[in-house]
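One structure below.
Where a number appears in this text, it was derived from the coordinates with a stated rule and is not lab data. If you're wondering where the values come from, they're calculated on a predicted model, not measured in any experiment. All Cβ positions, glycine included, derive from the backbone under ideal geometry; neighbour counts span all protein chains shown.
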Amino acid sequence: MTSRRDPVALVLDRLEGVRKSGSGWIAKCPAHPDKSPSLSIREGERGVILKCWIGCTFPAIVDALGLRQSDLFYGALAAPQQRQHAFKAVLKACVSESIVVITSSRSGVMPEQDHDRLRTAALRLRAALTLDGLPGRREIEGVARYAALLLKGQALTEDEDDNLTGSVEWIGWLIADEHKLG
Ligand SMILES: [Zn+2]
């Protein structure tokens, strides 16, 4: 991993004629032939704000700096890791809920209390699917579908039960393999 740099330092390093101005800076705009500094640089809430008084667009300025727009947002480098953590936590929860489904599938007639727990498991699995980009979606969807069948009082076939177990193993494998978490 490359060392993390402050986005504003990244920008200022690449500009000419940088001068402090109020709460930000001014510099020569790299996107047009600029004699007097017409670019204003400010630290916004989510990232660095660039404004050329001649009217160069943000993408044009970022391009002229040799940067990507994402370089100018705070936490651009930390984000993938946070995402991985979030995915891992959700997948772990999905495994717990899937075990409830497996147990229900094998226990035959369900007492009311187990029925409630299974309904909760199905809801939680469905909720996990709303997380954008979550790996293992197909498997989680499958488990949720089996939970729905069981809730209708339908027993799973041997194949379906195998699929169910396979899906949970796959999710467990995703958790163990950081590279699969995106
Ligand atoms: Zn400009």
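Every residue, every condition in (1) surrounded by fewer than 13 Cβ atoms within 10 Å (Cβ to Cβ); (2) in contact (Cβ under 8 Å) with a residue 40 or more places away in the chain, yes or no:
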| site | (1), (2) |
| --- | --- |
| Lys152 | yes, no |
| Ala155 | yes, yes |
| Ile171 | no, yes |
| Leu181 | no, yes |
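Across segment 4-17, which residue is nearest to Leu72 (Cα to Cα) among those that are within 15 Å of the ligand (Cβ to nearest atom) and surrounded by fewer than 18 Cβ atoms within 10 Å (Cβ to Cβ)?
Arg14
Restricting the first member to segment 26-37 and to residues that are small (Gly, Ala, Ser), and the second to residues that are more than 9 Å from the ligand (Cβ to nearest atom) and not in a loop (DSSP other than H, G, I, E, B), the beta-carbon pairs closer than 6 Å and six or more apart or on different chains are Ala27/Gly17; Ala27/Val18.
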